[in-house]
Amino acid sequence: MWSDDSGDATGGTTQSSIDFYTSFAHERPDYPALTLSHEISDAGVEAMRNGTVRTLANAGVQLLTVAQCIDQEPYDG
């Protein structure tokens, strides 16, 4: 189901996730993708929220939730 994986669940660092998404933003901003990322630390979540999301949005990447991608209501779990 996922087209790309940041690798953070298999030992990748927060910085490697940031680098993955920065590269994605610069090299493939129009590529339709469903990427997978599991940030597991507060520092990782903050780095992704404060850096990566802005980088992707500034590159013109349309950010959607999985629920939006499959035209479903999000669950509250």
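Listing for the model above:
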{"read-out": "Helices (runs of 4 or more DSSP H) (entirely within the chain) containing at least 1 residues that are surrounded by 14 or more Cβ atoms within 10 Å (Cβ to Cβ)", "value": "14-27, 42-47, 53-58"}
{"read-out": "Selected residue [without any contact (Cβ under 8 Å) to a residue 24 or more places away in the chain and not basic (Lys, Arg)] from ASP5, ASP42, ASP30", "value": "ASP42"}
{"read-out": "Any chance VAL66 is of a type in the set (A, V, I, L, M), at pLDDT below 80 and at negative phi", "value": "no"}
{"read-out": "Hits in region 3-26 - residues which are under 13 Å from GLY44 (Cα atoms) and of a type in the set (Val, Ile, Thr)", "value": "THR13, THR14, ILE18"}
{"read-out": "Residues of region 1-39 satisfying the condition of being in contact with a Ser or Thr (Cβ under 9 Å, 6 or more places away or on another chain) and of a type in the set (A, V, I, L, M, F, W, C)", "value": "TRP2, ALA9, ILE18, PHE20, PHE24, ALA25, ALA33, LEU34, LEU36"}
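The values are calculated or read from the model by the stated rules, or taken from the named source; none is laboratory data. Every value quoted in this text rests on a predicted model; they were computed, and no experiment measured them. Cβ atoms come from the backbone with ideal geometry, glycine included; neighbour counts cover every protein chain shown.
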